[in-house]
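The values are calculated or read from the model by the stated rules, or taken from the named source; none is laboratory data. These numbers come from a predicted model, not from an experiment. Note that we place each Cβ from the backbone using ideal geometry, even for glycine, and neighbour counts take in every protein chain shown. Areas reflect the complete protein model, heavy atoms only, side chains present, ligands, DNA and RNA absent. Shrake-Rupley method; radii C 1.70, N 1.55, O 1.52, S 1.80 Å.
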Amino acid sequence: MEAVVLGLLGLEAAVAATYQAAFNMLQKALEVQPAANLQDLAVKLDATHLLEPVRQLMALYKTRFLNRLAAAGPGGASVDFSRPVFVAAAFHIVGRLKKVKIDGRKLCASLAVTPADFRATVAAYEE
């Protein structure tokens, strides 16, 4: 933990991408997740027209996932759908389907989502 904080202190002259990566690492180390407000994210990505399709996709995925979980029987795993990675994946998929350029790196960075987690969630949505 101290190493992460000391590492951040040495970044005062670093480029923005390096600072953002270090900041995301600190958030993960402290187990802090930024709020994934759909409206704010849509404004930041200049994609407010995608809000309703993103909401619909997230609701559809949640319903499908819960139905599969119920079919598997009692004692199954649970998932926190409020995690920012689900919002990021939904924006990415809807943007791709609507042929709207969504910067995946900016999306992941603004929500402190790791690229590996993002790719896995996108793959899960597309099943």
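Summary table
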read-out: Candidate set from the stretch 29-71 (those that are assigned to a helix (DSSP H, G or I) and among the β-branched types (Val, Ile, Thr)); member that is surrounded by the fewest Cβ atoms within 10 Å (Cβ to Cβ); value: THR63
read-out: Scope the stretch 113-124; condition surrounded by fewer than 19 Cβ atoms within 10 Å (Cβ to Cβ) and assigned to a helix (DSSP H, G or I); matching residues; value: PRO115, ALA116, ASP117, ARG119, ALA120, VAL122, ALA123, ALA124
read-out: Pair list, Cβ under 7 Å, 6 or more apart: the stretch 104-124 residue within 20 Å of TYR61 (Cβ to Cβ), other residue open to solvent by less than 60 Å² (accessible area, probe 1.4 Å) and outside any helix (DSSP H, G or I); value: LEU107/LEU45; LEU111/PRO34; LEU111/ALA36
read-out: Odd one out for SER110, checked against (1) open to solvent by 80 Å² or more (accessible area, probe 1.4 Å); (2) within 14 Å of ALA21 (Cα to Cα); value: (1)
read-out: Residue match in the stretch 81-95 (condition: outside the structural domain of MET25 (by the TED database), surrounded by 19 or more Cβ atoms within 10 Å (Cβ to Cβ) and more than 24 Å from ALA21 (Cβ to Cβ)); value: yes
read-out: Residue check for LEU45: without any contact (Cβ under 8 Å) to a residue 40 or more places away in the chain and either in contact with a helix residue (DSSP H, G or I) (Cβ under 6 Å, 6 or more places away or on another chain) or of a type in the set (A, V, I, L, M, F, W, C) (or both); value: no
